[in-house]
Each structure stands twice: as structure tokens, then as C-alpha cells.
1. A 27 angstrom limit on the alpha carbon distance is what I want to check against. Which of Lys163/Lys274; Lys70/Lys163; Lys148/Lys362; Lys128/Lys148; Lys33/Lys367 exceed it?
2. Hey, any idea what % of the chain's accessible area is carbon plus sulfur with a 1.4 Å probe?
3. Given H placed on each backbone N at 1.01 Å, which residues far from Gln75 in sequence or on other chains put an amide H within less than 5 Å of it?
4. Can you tell me how much longer the chain between Asp156 and Gln16 gets when fully stretched, taken as 0.36 nm per residue apart minus their C-alpha distance, in nm with one decimal?
5. Accessible area per residue of the chain at 1.4 Å probe, in Å²?
6. Mind checking the alpha-carbon convex hull of region 127-270 and giving the volume per residue in Å³?
7. With the convex hull built on the Cα atoms of region 204-267, state its orientation-averaged projected area in nm².
8. Taking all pairs of distinct Cα atoms, average 1/r, flip it, and tell me the Kirkwood hydrodynamic radius of region 306-405 in Å to one decimal place.
Amino acid sequence: MSFDHGGRKGVPHFMQTTDDIVSVSFDRFPAAKGAATHISAFASALGEQFERVHLLTVEPLLDAPQWSAKGVIHQPLRVDGGTLFERVISFQTRMWHWWRHRFGALGTRPRFAHFRSIFEGFPIARDKAQFCDRIIYEVNALPSIELKYHYPNVADDRELLAKLREQERVCLEAADRIIVVSEVTRRHLLSRGVDDSKIELIRNGVDLGLFAYHEARDWSSSPPSAEYPIRLLYSGTMSGWQGVAHAIDALALLNRDVPVKLTLVGPARPRQRKFLTELAWRLGVSDHLHWQDAVDQPQLAALHAAHDVVLSPLTRCDRNCDQGCCPLKVLEALSCGTPLVASDLEVVRELCRNDEHALLVKPNSGKSIKDAVLRLVASPGLAQTLSLAGRRHVEQHFDWRRSQAALCDLYRRAATDVRMRDRVYDSGLE
């Protein structure tokens, strides 16, 4: 992006700041995935509060649901290329052309640019004065940590990882506010020298109306049987850090003692599906495993109501323990009242407490998952106690409206900072 320079402190003197917010995400949207849920919640809140929001995303698939929100103009961008980095360059190029058409011709720039990763954010951070007044960087994933789980071949490419880390540094330094979803992420950014005063914790939320409460299965009156087996549910990607292999291991161990079925819901790359399918075959539980493609939020809520236990078997790895995350599946299970068995990791403990809202088990252990499920079945009233307490917990702490209100408050404070700076400029004191 290139404008003629000539203003003070490197800012083109003819570029007037507008009240627009441009939110950019290198994600398909709308889509049946957690990232899309987050994008929708945040964009809707900003549109409702500030009215002039432009949402730039990767264009959705043809069968994606329609989406609209008050005050938001959604601009999906076509992305071409056979590799990740070809698609990134394609997205960045179309983003630049859109920005130039929308703002450059008028000699203006938006007050805020909001991005979720370096893939869309690096060009903005590198040339901040030409793109926007203030940057909000929402750190959901750091490619220098997470990319190897999607593309294993990059794990040993030190040059690439160094470049990714440098782009992360540029984005972190240019950001005026940095949103994190967990305290684990905050600590990681502090270890990289980020100023704590820039970091704001805004966790994920859940739509309490959509993920409505239903009573947990009463195992004393409805014990596992061939006709009514234990119905386990996992939803999300099939990436290695999710621990789906341990869920299948638990399925095989449970199957020795009780009738059981496991439903896997979510997108899977061909190699991931092949690995998990072969694992189930080797363990002799192929007939007990049901695959389902990613579904929209209402369908996912219905699946929760139709299952007895939700699994969140996150592994102990740098993605979960260093980078951090805020797993939506945990909050959605608690909201629905479906008893939850999850890995005992800090990112999970930030959302719920063991033996009060969920059963937290040793990570990377199918046996620990199996033992927790059998405990639910064998302990009268435990499922109902966890179910009710989990629902109350999300009602009190994790309604999306809380997260949306925190986001809008962040923007109001950041906008006040901009106006104070402008008054200093105008008074000639700078």
C-alpha cells in the first residue's frame, strides 16, 4: 500500500482519520468452526456499538449460511493458491486493493484496524501509519508455535519459524491493544517482552440461549446397554494438539467393559482422518466410531443434547501450555449441561474446576478418560451435580455478552487515547 508522504511524524498530512473500524481475518467466514463463532460475536458487538465496521474475511464456501449484523459491512475476499503462503499473499494483495479503494482515494484512513493473526496483520503493522490510526491485535494463535501442528514439515524449518516469529514481533510492537483469551497466552507474551499494559484478557463466551440446558442422563435408571450405549461426543478440528487419538484410545478401553459409541464432529485433513481411522481399526473400535463433518451452531447444540459425555482431551504440548487457548467446546458443554471430561491443563482450569463443574483428567491418557467416564456412570447423582453447576458457572462468567461488553469497553478507551493525542497535536505541544 503506498500513499505520498508529507505529514508530521511520517503520517501523510492529507489523510484524515475516520471513525471506521476495519476488522480483518484470514479465515473463511461464515463457517461451521470455532473461529467463525468468535468472529461473529466480536463483529456483531462492534457493529451494534459503533456502526461503521468493515469485516474482511476469506470468502465462505458455497453452502455456508448467510450472515449479517447491524452496522457491519462484510467484504469476503477470494483467495487463490495451492499452498498456505500463496493463499496468504493472495489475501494480502486483495486486502491492500480494497483498502486503497475504500480509503486511499479519499485521503482517509480508519481509526482502528483489528486483526487476528500475522497472516493478515503483518502488512498493516509494518506500514501502520498508512493503514490506520490504532491497531487491535487479537492473539488467538501464534504461527511460530501452532503452524507445525497443521503442517508437520515446517517443524524443522528454522528459517521459516524465525521469519514467523519476527513478523509476530512486528505485530506485537505495533499494536496499541493486544487481546488474549487466556492467562497462559498473557504470560507467553510477557516472556517475549510485550508491555503488560497493552494486554487485555477477553475470554471466549457461549450463546446461552442456543446452547440451552438439558438434564444429564440418569445412569441409575438408564444404565449402559446395547440399545442405549454410553454416547461420547468430541467436536472440533482433528489436529494433534486436540488429543483425538486419546479419545479413541479411551473408546477402545471402555468398549471392553460397557457398550459405548464415540462421535467425532469437525473438519479433518486427509492425513488426519487416515491416521485416526487406522487407529480405530487397529484398536478394534471402527464400528463404534461415527464421523460427522463440521456442523453449524444449532446442529452442534442438538448433538450435545443427544450425547451423554463431552470429551476435550487436549494434549500437553506447547500449543496448549505455552501459547494458550480458550476451548469453546468446554464452554459449550458446560452450557448445555452435558457432563464434561477434559484434560487437566491450566487453560481448562481457567474455565472450570475439577469435581465441581467437570472431571479433569491426566492429559495424553486414554485410561484417565476411561476411568472418568466410568466414574460418571457408577456414581449416583454425579452427572446431575456437575451438569447443574457447570450451567450456573457459564451463566455467571462466560455469556458472550460479557466478552462483547469487554471488547466494546476496550475500543472506547482506545478511542479516548486517540482523541487525547489529537488534542495534543492540535495544540502544538507535540
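1. Lys163/Lys274; Lys70/Lys163; Lys128/Lys148; Lys33/Lys367
2. C and S fraction of accessible area: 50 percent.
3. Leu55, Leu56, Thr57
4. 45.8 nm
5. Details: 19050 Å² over 430 residues.
Per residue, the chain has 44 Å² of solvent-accessible surface.
6. Values: hull volume 28.9 nm³, N = 144.
That works out to 200 Å³ per residue.
7. So the Cα hull casts an average projection of 6.1 nm².
8. 13.7 Å
The values are calculated or read from the model by the stated rules, or taken from the named source; none is laboratory data. Treat the numbers as computed from the prediction; the structure is a model and nothing was measured. Please note: Cβ atoms are built from the backbone with ideal geometry, for glycine as well, and neighbour counts cover all protein chains shown. For accessibility, only protein heavy atoms count, side chains too; no ligands or nucleic acids. Shrake-Rupley method; radii C 1.70, N 1.55, O 1.52, S 1.80 Å.
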